[in-house]
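One structure is given here, and the rest of the page talks about it.
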Amino acid sequence: MLINKVGDMTPYNMGRKPYRQNTLLLPLIWIASWFMTRSGKLKIQKIGLDELNPPYLVLSQNQGFSDYYITPLALFHRRANYVSDVEGFAAFGKWLYRQIGCVATRRYAGDPALVRNIRHVVEKNGDIIVIYPEARHSNVGTHSDLPKSVGKLVKLLGLSVVVQKLHGSYLTSPIWDEDHRRKVPLCSTLEKALAPEDITSLSAEEITTLLNEHFQYDEYRWQYENGIRIDYANRSEGLHNVLYLCPNCRMEYAMRSHAHVLECAVCGKAWEMDEFGRLSATEGDTEFPHIPDWYEYERHETQKQIASGTYHLNVEVLVDAIPNEKGFVHLGKGHLTHNADGFVFAVADQGGPLHFSSRAMYSVHTEYNYRGKGNCVVLSTRGCCYYLYPVHNDCNVTKIQFAAEEFYARVKSNCSEIIKNTGKDIKPFE
């Protein structure tokens, strides 16, 4: 693990202007990307890009780790800058990451410095800027809703918008088992979604709605409909991290996975995952043959708990912080709570508790078996990212994500009601 050995908590300088991609490194980037994608025989299609020259904005789906190798090949032979989390600067080194064109950000923590750096890329350097607006890898091969801030950024830049749609990236290395790669066909489609004249005539909200339509995908449906076989023997190991609620006995956190089998440790019911990504019960009815349907069932059950007032989170956590490119600082044990007001966590000897309001968080970043340490929730301020690992198995980070999204949706709904009844413009922060 990347350890900040001196315990330096100085925040990364997010306002530092990004470099243009080093032209000497571009061939190495393309060669490395080709090697990382060659087993998937990457196919690239471009629609409406024949006469499009930089600068322009690329918004890419964020299915999995392979995305970062697919995109440079899809944009060949153009220079581009990539918005990337600070963790990447620690993993690969600040000098290298800046040389290959990365622009630092922190997930789900709005920062005006990022907007200024994006404008620098397109206005001063005249290059392409690439953003992965879903801000996390897909949990079950389906999309995440885009925040309204995407439409606002598009309006601000006034540039042509290209959307990158992907197939195969999630299935190659699902977020719940990124250590083992499957051999899956890879596809990238770059499509011009908006021209500057379109942007002028649309509101930010209309732009976000339109882009959300472009971002719809379901990788397990694509796999099944195209007969893509994944014969990896341990293909379901880790899936219990996202499918944590047994649909048979309704017990939470009792699901387990091994080889190609999911099973509940309480009622004993088991489901096999076939080579085409479908589930079938070994006995009795199969509640959810399609994995994303099981996932959405869990979301609905979390929403029901919030509506009834029975959702609660009050857990002990181990805390690592990543304030800068020097790596992680171990802060020790802490305490995390979550309710309608948002997240609160505190660490001994680190000052007062930190509060993350539900008004400011449309989702939360989660990781599974992150760097071998376990599942975690990541909460970010503009100055630091905090990786919170629950000590006990009485919670699930996927459920925490569902709850964060539902609390934010309720804030939005309440704000809309206030505007409707009083005319007072009160909006959630995005």
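The values are calculated or read from the model by the stated rules, or taken from the named source; none is laboratory data. Since this is a predicted model, take the numbers as computed values, not measurements. All Cβ positions, glycine included, derive from the backbone under ideal geometry; neighbour counts span all protein chains shown.
Values for this structure:
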| item | result |
| --- | --- |
| Check on Gly40, farther than 26 Å from Leu194 by Cβ, surrounded by 15 or more Cβ atoms within 10 Å (Cβ to Cβ) and touching a strand residue (DSSP E or B) at 6+ places or on another chain (Cβ under 8 Å) | no |
| Residue check for Ser149: touching a residue at least 12 places away in the same chain (Cβ under 8 Å), in contact with an Asp or Glu (Cβ under 7 Å, 6 or more places away or on another chain) and under 15 Å from Leu57 (Cα atoms) | yes |
| Counted residues, region 182-198 - those being in contact with a Leu (Cβ under 8 Å, 6 or more places away or on another chain) and part of a helix (DSSP H, G or I) | 1 |
| Among residues of region 156-181, those that are crowded, with 18+ Cβ neighbours inside 10 Å, assigned to a loop (DSSP other than H, G, I, E, B) and in contact with a Pro (Cβ under 8 Å, 6 or more places away or on another chain), counted | 3 |
| Complete set of residues in region 167-192 that are among the β-branched types (Val, Ile, Thr) and more than 16 Å from Met36 (Cβ to Cβ) | Ile175, Thr189 |
| Pairs, first closer than 13 Å to Leu153 by Cα in region 107-128, second at pLDDT 95 or above and charged (D, E, K, R), C-beta under 7 Å, six or more apart | Asn117/Lys17 |
| Extreme residue, surrounded by the fewest Cβ atoms within 10 Å (Cβ to Cβ), among residues of region 43-88 that are aromatic (Phe, Trp, Tyr) and under 19 Å from Ser33 (Cβ atoms) | Phe76 |
| Selection within region 24-65 - basic (Lys, Arg) and free of Cβ contacts under 8 Å to residues at least 60 places away in the same chain | Arg38 |
| Filtered residues of region 290-308 (kept if aliphatic (A, V, I, L, M) and over 22 Å from Gln223 (Cβ atoms)) | Ile306, Ala307 |
| Some residue of region 219-233 being hydroxyl-bearing (Ser, Thr, Tyr), at pLDDT 95 or above and at positive phi | no |
| Some residue of region 407-422 being buried (at least 20 other Cβ atoms within 10 Å of the Cβ) and modelled with pLDDT under 95 | yes |
